[in-house]
Structure formats: C-alpha cells, structure tokens
Amino acid sequence: MYEERFATVLSILEENNGCQRIATDHGSGKALVFLSFLPKVHVGDKVKINTTASALKLGTGGWDIVTSLVSGSPFSLTGKGHIMKARYLPSQHSVLSVDDPEHPDHWIFQQPFTLKGKKILLAELHSMIPVLVGALIALSPKSKIGVVLSDEASLPLNMSSHLSVMKDWEGVKTITVGQAFGGKEEATTIPNALQWLSVKYNADYMIISMGPGTTGTSTPWGFSGLSLANWSNLVGALEGIPVWTARISFQDERKRHRGISHHTLTPLQDFTLAYSFLALPYLAKEKHEVIYQQSSLLMKKNKHIKVLWQAVDELELKWKEWKKDYPLSLTTMGRPIEDDPPFYLSCLSAALAVAG
C-alpha cells in the first residue's frame, strides 16, 4: 500500500535545524518536513504528503511525511561529502560523514582501534534513550555521552522529538549510521561511529539504539530488536563489553513481553556470540521472581551471559530530580513510564552498570 494526498500548510507547529512539524488540512492533520532534502514550508503552501502510515494507523506518532512542494522554485542544498543516505529513494542526499575521505577526521580510521573493555549500552526501544541519558547525567553531570542511532527503525533522527531536543545539548553527541541520517554527526557503520566517539569526542558513555517505529511480526525472529545481537557481536569484536538494557514490563498484556520481553531474551540467547552483561533491577517480590527465573534459564543456556543485579533506589531519586526539568513527556509503548516502573528501573540499572 502507498498513499499520497495534496494538502495545505495551516501552521508551523515546531521547527529546528533539521525538521519542521506542521499542521495540514488533510491526512492525519499534521506532517513532518525533513530539511535534509526539502525546503522550509510556509503557511498557505501546497504540499504533497505521504499518508500511508496514518492510513494504516501505525504507531509512529501519527505524522504524515511531506514528500514535495506542489509549487515553488527548484531547490538545492550545498555541502561537502559524498556519502549517500536514503540511497536510491527519492529523498536520497549526500552527507559529510566522519569517515568520508573528505572529512578532516578521516585519519582516525587509518589507526588500529579497540574499545579496551569499555562497556557499551544497547537499547532496543527508542523510549529507553531519554531515561538512559538522564540517568547517566544524574550520575555524572559533566560526562560526555554518545548516542549511536542505527537504521532498523525510522531513518530520520528528527522523527524523534527526544533526539531533536538532545541533538544540540552540550555533553551529548548524536551520530546516525547506515541509512539513518540527521544526527549531529554521520557515519557509515556502528564500529566507525564508536571509534569516532572514542577517539575524537572522548565519550565517557556510549549508547547504541534505534529510532521510533520498530517492527514486530509476532514471529520468533521477526522484529527490529533482533539487531541487538549484531550490535553486541560488533562491540565484542572491538574488545568492548555490551550491556543490554532489558525490556521489562508488567503492564503489557502480551505474554511474550511479560517480565523480560522475548525481544531481549531471544537475540541474547539465540544470536549473541559476544560476552555480554544483562543489567537487571531488584523489583518487588512477585515481579522479581519472574525476572529471576527468566534470567536464570537464560544463563543456563548461554555461558557467555552475566547478569548484573542493580539496586537503583538512590539513582531513581537523582533521575527523578533530573526529569523535573526535562521538556518532554516520557512514554513507552503508548503508556506513561510512571505506569510501568519496571521499564524505567531496568534502564536505570543498565546506566548504573556502565557507570560503576
């Protein structure tokens, strides 16, 4: 299925250096304009919008995507770099990635590199990112954090309100890899992103995650989060230690997501070869028994997995103080995170595991 409609721009809801969020008179009534390959629009402009996601009622935030202006002058953006993102799509465009031969940091990638045992956070859900970043800031306010956004879900970083906010934060560096684009920096692969963040940015902490709009098929291996095994193996090959942020919920009605989700257990058990840490929080008795049994079974089947149990009470207080000043609401799977504390407690335990 593919659906396009013509629409009129009614208002500009929000704008940053990578994206406009606009109100329109058709489709879902709101749309995104990605400024990597489109000019800014103005009230009254006629635009063409891709309404496929909203027509299917997909959980990607309810936004249509502007594909072109119906009228206007030819448009171009000048810039250096020849690494193509969104390749062979109408929206393909070039970027100056940090590993582009034209980039002044290209020399970094001519040197040997190892993570030297550094712990790297892995996070399946996009909603984990602000919790992890906030927890790391709460633990170490002057730390430098690198967020690597892979391309298993939304490709434009600016699809994410959270990462749009964090993009220009001092102390946070976003870097989009593969076909993902729009980060403060760009790279072609996860290893090159980790190398640049380590050597040039001197990051204290690094997170690998993906944007909103993940895919699941109710099959054992058919979900976006399976890629965490690949991330883990890459980190291990670079002599780092992957620290998995467990997806934990007791509010999700689906059995496969109760306790530790199979989206964490399956890639860790079936496809991960690298020595890995799984960080878990202490929970109330009944809930703790569920995740304890799940993790015990996991370790019996895989000797390369080590569970790190974390007491996060002190960190939770610090993180809640940080959250008071955070400008956006925090939700996961359509629920306020306060409705499912094990979700954010799991994130806090992972942050504590890399900081300890």
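The values are calculated or read from the model by the stated rules, or taken from the named source; none is laboratory data. Just so it is clear, the model here is predicted, and its values are computed rather than measured. Every residue, glycine among them, receives a Cβ derived from its backbone with ideal geometry; neighbour counts consider all protein chains shown. Remember, those area values only see protein heavy atoms, side chains included, never the ligands or the DNA or RNA. Shrake-Rupley method; radii C 1.70, N 1.55, O 1.52, S 1.80 Å.
Some notes on this structure:
- What a 1.4 Å probe finds exposed on segment 117-237 is 52% carbon and sulfur by accessible area, rounded to a whole percent.
- Averaged per residue, the chain has 46 square angstrom of accessible surface, using a 1.4 angstrom probe with ligands and nucleic acids left out.
- Relative to the Cα centre, the charge distribution of the chain, modelled as +1 at Lys and Arg Cβ and -1 at Asp and Glu Cβ, gives a dipole magnitude of about 560 debye.
- Over 27 Å between alpha carbons, listed pairs Lys167/Lys320; Lys57/Lys323; Lys48/Lys173: Lys57/Lys323; Lys48/Lys173
- Peptide packing: for 322-331, 258-267, the average count of neighbouring Cβ atoms within 10 Å per residue gives the ranking 258-267, 322-331, highest mean first.
- Straightening the chain between Ser94 and Lys324 buys 78.9 nm, computed as 0.36 nm per residue apart minus the Cα-Cα spacing.
- Our helix-only sum for the chain, with -39,500 (n - 2.57) per DSSP H run of n ≥ 4 divided by its residues, gives a mean residue ellipticity at 222 nm of -8000 deg cm²/dmol.
- Residue ranges 282-289, 26-33 sort as 26-33, 282-289 when ordered by packing (mean number of other C-beta atoms within 10 Å per residue, highest first).
- Test item: Cα-centred dipole of segment 110-199, Lys/Arg +1 and Asp/Glu -1 on Cβ, debye: 440
- Segment 204-320: C-alpha gyration tensor shape, a/c 1.5 cut-off, then a/b vs b/c: rounded
- For the chain, the normalised intensity computed at q = 0.08, 0.09 Å⁻¹ comes to -0.40, -0.51 (log10 of I(q)/I(0), Debye sum over alpha carbons, equal scatterers, no solvent).
- DSSP bridge analysis restricted to segment 213-332 gives an antiparallel fraction near 25%, rounded to the nearest 5.
- With the simple spin-label model, which puts each label point 7 Å out from Cα in the Cβ direction, the Gln251 to Asn233 separation comes to 3.5 nm.
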